[in-house]
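Asker: This is the structure I want to talk about, given as structure tokens.
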Amino acid sequence: MRAPYETSIGSWTRRSTFFWAATGATVGFSNLWQFPYLAHKHGGGLFVLLYIACLLLVTLPLMLTEAAVGRHSRHGIVLTMDGFIRQGRLSRGWMWVGRFSVLAAFVVLSFTAVIGAICLAYVFFGALGTFTGQGEAEVVEVLANLVSDRNSYRQFMGWHGFFLLLVLWVSMQGVALGLERTLRVVVPGLYLTLLVFLGYSVSQGDLQASAGYLLSFRPEDLGWRSLQLALFHAFFTLGLGMGVWAVFGAYMAKTTPLKRAVFGVVLMDTLFAIVAGLAIYALVLPVSAGAGEQGFGLLFVALPLSLAEVPGSQFVIAAVYLMIVLVAWTTALALLEPLVGWFREWTGAPRGWSVTVIGVLVWLAGLATLFSFNIWSDVLLLGGSIFRWLELIASGLLIPLVSILLAVFVGWKLSHPVAFGLIGQAPWLISRIWFWVMRLVLPVVVAYIGVQYSIHSLNELCGDGEVRGVCQPINAIRSQPPVDELPALPDTPEVPEAPGAPAEDSGPGVWPPEAPAAGQSPAPEGAEPPAGDKGQQREREILYHSA
């Protein structure tokens, strides 16, 4: 039986919709291009277990809290904070929790749409046979021509606008008729497509090698750094701190079992990451082992290269990237909803106008990211492109800050009856663990994550030592792990330079990246980089958590 609307901006009409919507929000690019790589590098199956422990003991309480405050107030995160502040007669300064949350969702959505546009383009590239029978150089050239060619950025803009229109069209239909209907069909379809993809990988690839690569227990690879990376990935992969869980909780029917639904979402997100990693590496390892283990190199070079010679490659590549587009689409829909909800509650505007206004603003902000890959690639602020600073502000500052403030607010500012009432009936021990994790553990852990993320991101910007005003204090505390161990952008891929474009002196991202080994002659001045290094000339520019 359908439940009546319970908020001024909409509501789910079925109990199970929260589960499917939240699952679609949490499944992101990092499940495809980051988690499998981390598992391989840090103990295989042991890392998976460590990651699940971090989810259950640290990030799940924060997810539960964000959804619970939304369900309690029946508003988006900004009016939710306003209601609690008025009820407890607290400082109006706590309103910044909601405002920063909305800002973080806006920034992350702006560059998520750009990455989604690349995925959408690859669906059509695959269907038209662009990759069929091609080698690595040709596949890299396709990505370079789309993303970083200064002469064809308008094509990239077209894909970006196309992807955003698909997102906005669904949102304009409303919460029940648009968002709910779409997510209830698309998210189960996404998992079904993933299972079909896994079956195809079993028949065409090497699943045994992939399973050994990802899941074999290797205690010798497990260490303190593994725990740090598991914690970082658990925090950034679940869409925390951006108001998504609050607005989905506000739409939730009061009879929906919140704790069980949140736990199910966490397990489904982990399952997707494992199955996707198995399927992708089963195809990639036999063809291009080491060519692209993660990031853009894995998703947009190694994967199409591994499918270029299979029977019916056009259909297969198009189908695989359609699945990836669904990942980007559901993520973007989830990030858009707290923005639209906030705008409607703030202005009272109809949903159509709200979606249009927010959509135009997101499109304009996304152009800054898009241009930073091509025509604005030489526009640097303190050594970083526009995109790098947007990513750092969102992931290193806004998202951790919102999470810390929300944990402190619930743990220390709300009265005990109100705080414990948020999560409903629960065993005494479970409720006490949740409460003290919010009070003591989460503020410290998330502060550590935010500080380390920012340090490592600035550390990359300071690699060439040119930005002395910013880099000197950074370099003073730079006893950091190797680049492939960074928690912030660990081995994140480099956007390839367009063929024929002049090489840029962009620091450590430019060939040759380091001094020659003993016994080797240094590269002559003005020499061209080897063919295999053409895709390694741009600074790392791809978001770690990818929303």
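The values are calculated or read from the model by the stated rules, or taken from the named source; none is laboratory data. Source: prediction; values computed, not measured. Please note: Cβ atoms are built from the backbone with ideal geometry, for glycine as well, and neighbour counts cover all protein chains shown. What goes into the accessible areas is simple: the full protein's heavy atoms, side chains included, and nothing from ligands, DNA or RNA. Shrake-Rupley method; radii C 1.70, N 1.55, O 1.52, S 1.80 Å.
Asker: So which of Thr356, Thr330 ends up being under 24 Å from Ala21 (Cβ atoms), modelled with pLDDT of 95 or more and over 19 Å from the mean Cα position of the chain (by Cα)?
Answerer: Result of the check over Thr356, Thr330: Thr356.
Asker: Between Leu406, Leu382, Leu390, which is hydrophobic (A, V, I, L, M, F, W, C) and closer than 15 Å to Ala68 by Cβ?
Answerer: Only one candidate qualifies: Leu406.
Asker: Can you name every residue in segment 163-179 that is open to solvent by 80 Å² or more (accessible area, probe 1.4 Å) and without any contact (Cβ under 8 Å) to a residue 60 or more places away in the chain?
Answerer: Leu165, Trp169, Gln173, Leu177
Asker: Same structure, new question: Would you mention how many residues in segment 116-158 are open to solvent by 40 Å² or more (accessible area, probe 1.4 Å), part of a helix (DSSP H, G or I), within 19 Å of Ala318 (Cβ to Cβ) and among the hydrophobic types (A, V, I, L, M, F, W, C)?
Answerer: Summing the residues that are open to solvent by 40 Å² or more (accessible area, probe 1.4 Å), part of a helix (DSSP H, G or I), within 19 Å of Ala318 (Cβ to Cβ) and among the hydrophobic types (A, V, I, L, M, F, W, C) in segment 116-158 gives 2.
Asker: Any residue at all in segment 268-291 that is touching a residue at least 40 places away in the same chain (Cβ under 8 Å), touching a helix residue (DSSP H, G or I) at 6+ places or on another chain (Cβ under 8 Å) and closer than 21 Å to Pro443 by Cβ?
Answerer: No, segment 268-291 has no match at all.
Asker: Picking from Ser226, Ser216, which residue would you name as being touching a helix residue (DSSP H, G or I) at 6+ places or on another chain (Cβ under 8 Å), under 30 Å from Thr65 (Cα atoms) and of a type in the set (S, T, N, Q)?
Answerer: Ser226
Asker: Can I ask one more? Could you say whether any residue in segment 85-103 is under 19 Å from the mean Cα position of the chain (by Cα) and among the aliphatic types (A, V, I, L, M)?
Answerer: For segment 85-103, residues under 19 Å from the mean Cα position of the chain (by Cα) and among the aliphatic types (A, V, I, L, M): present.
Asker: Let me ask something else. Identify the single condition in (1) in a helix (DSSP H, G or I); (2) open to solvent by 10 Å² or more (accessible area, probe 1.4 Å); (3) over 30 Å from Ala209 (Cβ atoms); (4) out of contact with any Leu (no Cβ under 7 Å at 6 or more places or on another chain) that Met81 does not satisfy, given that it satisfies every other one.
Answerer: (2)
Asker: Determine whether segment 300-307 contains at least one residue that is open to solvent by 20 Å² or more (accessible area, probe 1.4 Å) and either without any contact (Cβ under 8 Å) to a residue 60 or more places away in the chain or over 16 Å from the mean Cα position of the chain (by Cα) (or both).
Answerer: Yes, that holds for at least one residue.
Asker: Within the set of pairs 6+ apart or on separate chains, which have a first residue in segment 184-203 that is within 15 Å of Thr17 (Cβ to Cβ), a second that is in a helix (DSSP H, G or I) and of a type in the set (Val, Ile, Thr), and C-beta atoms under 8 Å apart?
Answerer: Once the first residue is within 15 Å of Thr17 (Cβ to Cβ) and sits in segment 184-203, its partners that are in a helix (DSSP H, G or I) and of a type in the set (Val, Ile, Thr) give Arg184/Thr17; Val186/Thr330; Val187/Thr23; Val187/Thr330.
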